[in-house]
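No value in this document is a laboratory result; all are computed from the given coordinates. These figures come from a predicted structure and were not determined experimentally. Note: ideal-geometry Cβ built from the backbone for every residue, glycine included; neighbour counts use all protein chains shown.
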Amino acid sequence: MHTEYSQLLAMFSTHCSANIWHYAQVLITGAILARGQRTVTAVLRVMGLGDEKHFMNYHRVLQRAVWSSLAVSRTLMLLLLQTFVPTGPILIGGDDTIERR
């Protein structure tokens, strides 16, 4: 993995336990690379893991693993602001759609 990408990805490592971090990295990277719907199957295929026998481990990250989508969203928002927003006022719109896992 590219060093800069690894450093960015590492900023999210604190949001999940060490035993699922590998699976989370695959899911995050695959979601970036996948075209169309970002399903676990599509993510695994784009990552070259379409024949993964233990694919359920990846589903468990989204279904049962303990992590806060709010905390992950905050980290992502801070990264986006640091990267793309010039100094000065900024207008942010929020989406209050109920999250589904």
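General remarks:
- Degrees, to the nearest 10: 69-84 long Cα axis against longest axis of the chain: 50 degrees
- Charge dipole of the chain about the Cα centre (unit charges at C-beta), most positive-ward option of 32, 5, 21: 21
- Angle of helix 18-33 to the longest C-alpha principal axis of the chain, folded into 0 to 90 degrees and rounded to 10: 70°.
- Residue-averaged 222 nm ellipticity for the chain, from DSSP H runs of 4+ at -39500 (n - 2.57), nearest 500: -16500 deg cm²/dmol
- Peptides 18-24, 89-95 ordered by packing proxy, namely the average of other Cβ atoms within 10 Å per residue, highest first: 18-24, 89-95.
- Under 5 Å from the amide H of residue 47 lies no amide H of any residue 5 or more positions distant or on a separate chain, with H modelled from the backbone and absent for Pro and chain starts.
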